[in-house]
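The values are calculated or read from the model by the stated rules, or taken from the named source; none is laboratory data. Predicted model only: the values in this text are computed from it and were never measured. No Cβ is skipped: glycine too gets one built from the backbone with ideal geometry, and neighbour counts run over all protein chains shown.
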Amino acid sequence: MRQRADPGHGPAALILLAGALGDRYGRRRIFLVGIAGFTIASIMCAVVPTMSSLIVARILQGSAGLVALSAAGHSWAARSVLNRGVACPHCGM
C-alpha cells in the first residue's frame with residue numbers, strides 16, 4: 001500500500017522552521033527575508049511564460065508569505081507576554 005504525504009504537514013513544518021530561525025537570527029531579519037522572498041516570487045508570477053512555472057512561483061510566494069507571517073506573529077506573541085496582566089498597555093490599566 002502506498003502512503004501519501006499529507007499536504008498539511010509542509011506548511012506546519014515551515015512555520016516551526018521560521019520560528020526557530022527567528023529565535024536564532026532575529027525575528028525582524030526573518031520577517032524581512034520573508035517579505036523579500038514574497039516580493040521576488042510575486043515578480044516571478046508576473047513574468048513566467050508557462051502555467052507550470054506559475055504554479056512553482058505561487059508555491060514559492062506562499063512559502064515566503066508564510067515565513068513572513070510566522071515571524072511577525074512570533075514577535076507579536078513575544079511582546080504580548082511582556083504586557084500580561086495589563087488590559088490596556090498604552091495607559092497601564
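The residue pairs whose first member lies in segment 33-46 and is within 19 Å of Leu14 (Cα to Cα), whose second member is surrounded by fewer than 12 Cβ atoms within 10 Å (Cβ to Cβ) and modelled with pLDDT under 95, and whose beta carbons are closer than 7 Å, counting only pairs six or more residues apart or on different chains, do not exist in this structure. Of all the criteria given as (1) buried (at least 17 other Cβ atoms within 10 Å of the Cβ); (2) at pLDDT 90 or above, the one not satisfied by Ala71 is (2). Among the criteria (1) of a type in the set (A, V, I, L, M); (2) at pLDDT 90 or above; (3) part of a loop (DSSP other than H, G, I, E, B), the one Ile55 does not fulfil is (3).
Within segment 30-62, being more than 26 Å from Leu16 (Cα to Cα) and small (Gly, Ala, Ser) holds for Ala46, Ser52, Ser53.
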